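I have placed the structure first, in the form of structure tokens, so that the comments after it can refer back to it.
No lab work stands behind these numbers, since they all come straight from the coordinates. Only a predicted model underlies this, so the values are computations on that prediction, with no experimental measurement involved. Backbone-built Cβ (ideal geometry, glycine too); neighbour counts: all protein chains shown.
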Amino acid sequence: MSGHSHVDGQLPHEPEKATLEGRNKVLGFWLFLGGETVLFGTLFSAFLALRHQVLDGPTEQELFSLPLVAAATLLLLTSSLTSVFAIQAMHNNQVKAMINWLIITVLLGLGFLGLEIYEFYHYVHEGHGFTTSAFSSSFYTLVGFHGAHVAFGILWISLLIAQVFKKGLNVVTAPKIYVAGMYWHFIDVVWVFIFTVVYLMGKVG
Amino acid sequence: MAHAHAVKRYTGLLDWLTTVDHKKIGILYLFAGFFFFIIGGLEAVLIRIQLWEPMNDFVSAETFNQLLTMHGTTMIFLAAMPMIFALMNAVIPLQIGARDVAFPFVNALGFWTFFFGAVLLNVSWFAGGAPDAGWTSYVPLASPVYSSTHGVDYYVIGLQIAGLGTLIGGINFLVTIINMRAPGMSFMRMPMFTWAAFITSALILFAFPALTVGLVALMFDRLFEANFFDVSQGGNAVLWEHIFWIFGHPEVYILILPAFGIISEVISTFSRKRLFGYSSMVFATVLIGFLGFMVWAHHMFTTGLGPIANALFSIATMLIAVPTGIKIFNWLFTMWGGSIKFTTANLFAVGFVPTFVMGGVTGVMLAAAPADFQYHDSYFVVAHFHYVIVGGLVLGLFSGLFYWWPKMFGRVLNETLGKLFFWLFYIGFHLTFFIQHFLGLMGMPRRVWRYLDGMGFNEMNLISSVGAMLMGLGTIVFIINMIVTGLKPRNASNDPWEDGRTLEWTIPSPPPEYNFAQTPLVRGYDAFWKEKMEGKNAMTPAEPLGPIHMPSPSILPFLMSLGLFIAGFGFMYHNYYIGIGGLVITFGCMFFRSVIDDHGFHIEPEELQDKGVKA
């Protein structure tokens, strides 16, 4: 039941689901993501309700630059792909490859975060601060919540990489990696919605 | 595999601060929840003293607003929710034949975040005034413009911390019920209370994040000058109402479904009959849970959403009467022809049925949108929701407490004092709230500090206040009962009611920390009753005796919650060093939890003995 069963032998095929603890963790995390969906759903609703209230601040059309957002999207979507490669490597018991893919995932995430920080910095200079209007408050809250999730994911996955270095891949660390992968996909999906609802709809008007 | 790890076992206070045992966490939830029940009850008594005569000046208008806000907030979030979690913790793993919950550590974390959130909220009384914008905290009243003290800040931050605990508690019970059931315990063999806890947990999962977003938005408005609800900056006040009620309406089903589950268990046990219409009960519970998300705007009929929206939400609301009616008839048919024993637990359960029906009937009245324009914000609404929450949930909770008290503590509560408590509380309840229907119909608005003489309100308010005193007196009898019982020896048998039907009655009272020495094999609905009917007095084990793996105790849940508590104060008073310091404690504990593997420890077969929870 505990982490000892497989430490010396071969890892089972799906190490994340080999123990009851692992299965609980994976199921619990799916449910947690269900709650997160409601969280972001509510943030989207608030944004949609308030997005036209720009007052004297710049409008969405004036503000958003699609090439920058497209670059950020490209980075984050690619990082989702590399996290899939990491989980595949884990299932094939290729620890080295798994760690490498996770490192690439983190680097892509950092690139995304850098672009977002630049974007926010740029917006503030254009007169679009957090307190400018209802639109700006709801924009920064929605996109900022997502950015905070990315930042947390980067720290989390980095910590897991360090743990795998130290403890190796076993039935205790495997569920952690798997669950972090699920988290990373989730924030990617949320970004797809942000890209559509905030940026594309903002550009179209 | 079965190496016993050296694990620190704590005793005394440290044992309670570090425990991850669901039975002890249940006891912590119970006493914390009951403490806040007393606080909220005292606030109610003060409200009723203020209203006992016209133009009374027992408390000031400001204090009155704080009292009614804190009464509602305390009773819902700090008394009812934790007492539900108390019973869920104490009973659910036992009912499904599990040794523990899925996430013992998270379970402890859920308790401590609730506790520190609750303490934070109540500190406001001593820090310049409690929140005073009503438990619904509507903007613009709760906005920084009209509520410039820190009261509402305590509300938004305290409830965020407490809500986090509720959310992770809900996830814990969902996973526990899905993954941890004993062999043979299929979904359609689960006891009704387990089903109710399952659906309630699902509602918590999908409702509480919406509240969190609302509270975060209001916090940003108040602390960081955001403009979500500030109309002059393009914000929208109705948005708060939508967000609050899309959480708030499922919340009332989160509260009432566990009571439905308790009533089903108690009525079935004390009628010595299988629950009538078990599968329709399950269906009705799921349907109520689903419809609970479709009706939030019935709190907003007078907001001006228009006739189409009002009509749709009106019909959806009335639909809920159908599954609820199914339940009522199932309880009646369960009692029909049974050999009924009127223990205190069963008195509360039987008393619940007509009381809850009355709350349901006024609910359908309020669901008629045109009529609601008359009832809205009057004492009729106050009477309605007290009938469903006190007459429904609280009676259910007391029924469950009397029923499961021996399983939690090993002592049967005194029945004479229990029945005295029931009659005082029950009569007091109806005296307080029945008359308020008429007060409301005569036009007395809710949340008023005082009323003029000569309106025809005097006698009815006096009667209502007398009823509140009776409820208070009943609660004192219950406290005496707890003390008197606590002084008696712990001698409750495994099955103290002798008619137990479910798995919790197959093990000692209170159960040993591993619950089941051998996981039981479940062969049907009412698993224990089925064995009894075949002449056995124990379950068939599903596994041989072997070492039992247990999780280690940990202080981290306490420290993580303490960190959030400190951070809440820091951000509230714009002292960012303290705020960030608190978050560092919380995230630091998360870091240690991640890097330090918790292998737990094993209890060897020769150590297995029936030692119970110390309480």
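So for the pair B:Phe31, A:Leu48, with labels modelled 7 Å out along Cα→Cβ, what separation do we get in nm?
Spacing of the two 7 Å Cα→Cβ label points: 4.8 nm.
Apply 1/(1 + (r/R0)^6) to the Cβ-Cβ distance of B:Trp336 and B:Glu62, taking R0 = 51 Å, and write down the FRET efficiency to the nearest 0.05.
Step by step, r from the Cβ atoms, then E = 0.45.
Sequence gap at least 6, Cα distance under 8 Å: using those rules, report the relative contact order of the range B:536-602 to the nearest whole percent.
39 percent
For B:Phe601, enumerate residues with amide H under 5 Å from its amide H, sequence gap 5+ or separate chain, H modeled in the peptide plane.
Hits under the 5 Å cutoff: B:Met550, B:Ser552.
What's the average, rounded to a whole number, of partner chain beta-carbon atoms within 10 Å of each residue's beta-carbon in B:230-238?
Partner Cβ neighbours, averaged per residue: 5.
If I take R0 = 41 Å and measure r between the Cβ atoms of B:Leu14 and B:Ala542 in this structure, what FRET efficiency does the formula 1/(1 + (r/R0)^6) give, to the nearest 0.05? Present the calculation step by step, with values, prior to reporting the outcome.
On the way: r = 35 Å, r/R0 = 0.86.
Step by step, r from the Cβ atoms, then E = 0.70.
Positive end of the dipole of the range A:99-205, charges at C-beta (+1 Lys, Arg; -1 Asp, Glu), about the Cα centre: which of A:Gly147, A:Ile161, A:Gly127 has its Cα farthest in that direction?
Checking the options against the dipole of the range A:99-205, the answer is A:Ile161.
Residue-wise, which Karplus ³J(HN,Hα) couplings in Hz belong to the range A:119-126, taking 6.51 cos²θ - 1.76 cosθ + 1.60, θ = phi - 60°, and x for glycine or proline?
4, 4, 4, 4, 4, 4, 5, 7
Taking the mean number of other Cβ atoms within 10 Å as a proxy for protection, how do you rank B:303-309, B:245-251 from highest to lowest?
Those peptides, ordered most packed to least, come out B:245-251, B:303-309.
How far is it, in nm, from the label point at B:Asp453 to the one at A:Ile103 when both lie 7 Å from their Cα along the line to the Cβ?
Label at B:Asp453, label at A:Ile103, 8.6 nm between them.
Go through the range A:33-138 and name the chymotrypsin sites (Phe, Trp or Tyr not before Pro) that are in a DSSP coil and have 15 or fewer other Cβ atoms within 10 Å of their Cβ.
none
So what's the back-of-envelope 222 nm ellipticity for chain B, counting only DSSP H runs of four-plus at -39500 (n - 2.57) apiece and dividing by all residues, rounded to 500? Don't skip to the answer; put the middle values down first.
Values: 20 runs with 379 residues, N = 615.
It lands at -21000 deg cm²/dmol.
Run the reach check for A:Lys176 against aspartates and glutamates, Cα to Cα strictly under 20 Å, same-chain hits fewer than 8 apart removed. What comes back?
A:Asp8, A:Glu14, A:Glu16, A:Glu21, A:Glu36, A:Asp188, B:Asp597, B:Asp598
B:Tyr451's amide H: which non-local residues (gap 5+, or another chain) put their own amide H closer than 5 Å, with H modeled 1.01 Å from N in plane and none for Pro or chain starts?
B:Met55, B:Asn56
Identify, among B:Pro131, B:Val59, B:Ala182, the residue whose Cα sits farthest towards the positive end of the charge dipole of the range B:44-191, taking +1 on the Cβ of Lys and Arg and -1 on the Cβ of Asp and Glu, with the dipole about the Cα centre.
Checked the options; the winner is B:Ala182.
Using each residue's phi in the range A:190-202, evaluate 6.51 cos²θ - 1.76 cosθ + 1.60 at θ = phi - 60° and report the 3J(HN,Hα) Karplus result to the nearest Hz, with x for Gly and Pro.
With coefficients 6.51, -1.76 and 1.60, one gets 4, 5, 4, 5, 4, 4, 6, 6, 7, 7, 5, 5, x Hz.
Sequence-distant or interchain residues sharing an amide H contact under 5 Å with B:Ser378, placed H: which?
It is B:Arg446, by chain and number.
Tell me the angle of helix B:556-572 to the major Cα principal axis of chain B, expressed in degrees between 0 and 90 and rounded to the nearest ten.
10 degrees
Set Lys and Arg Cβ to +1 and Asp and Glu Cβ to -1, take the dipole of chain B about its Cα centre, and tell me which of B:Leu583, B:Ala79, B:Ser143 lies farthest positive.
Final value for the positive-end residue is B:Ala79.
Placing unit charges on C-beta atoms (Lys and Arg positive, Asp and Glu negative, everything else neutral), compute the dipole magnitude of chain B about its Cα centre in debye, rounded to 20.
1340 debye
With everything on Cα atoms, drop me the angle between helix B:321-335 and the longest principal axis of chain B, reported from 0 to 90° to the nearest 10.
Taking the Cα atoms of chain B, the angle to B:321-335 is about 40 degrees.
Using 7 Å Cα-to-Cβ label points, what is the B:Met442/A:Gln94 separation (nm, one decimal)?
For the pair B:Met442/A:Gln94, the computed spacing is 8.2 nm.
How much FRET efficiency would the formula 1/(1 + (r/R0)^6) give for B:Asn491 and B:Leu42, where r is the Cβ-Cβ distance and R0 is 45 Å, rounded to 0.05?
Values: r = 34 Å, r/R0 = 0.76.
Calculated value: 0.85.
Which net charge results when you count Lys and Arg as +1 and Asp and Glu as -1 among the other residues whose beta-carbon is under 11 Å from that of B:Leu462?
That sum, taken over residues with Cβ under 11 Å, equals -1.
Calculate the mean, over all residues of peptide A:149-160, of how many other protein chain Cβ atoms lie within 10 angstrom of the residue's Cβ.
Rounded to a whole number, the mean comes out at 1.
Each residue of the range B:377-390 in order: what ³J(HN,Hα) in whole Hz does its phi give by Karplus 6.51 cos²θ - 1.76 cosθ + 1.60, θ = phi - 60°, with x for Gly and Pro?
Ordered by residue, 3J(HN,Hα) equals 6, 10, 5, 4, 5, 4, 4, 4, 6, 6, 5, 7, 8, 7 Hz.
Taking Cα pairs under 8 Å and at least six residues apart, what relative contact order does chain A come out at, in percent?
After rounding, I find 36 percent.
Only Cα pairs under 8 Å and at least 6 apart count here; give the relative contact order of the range B:1-88 as a rounded whole percent.
42 percent
Please list, or write none, the lysines whose alpha carbon is within less than 25 Å of the alpha carbon of B:Lys327, excluding same-chain residues fewer than 8 places away.
Within the straight-line limit of under 25 Å, B:Lys327 reaches these lysines: B:Lys273, B:Lys341, B:Lys530.
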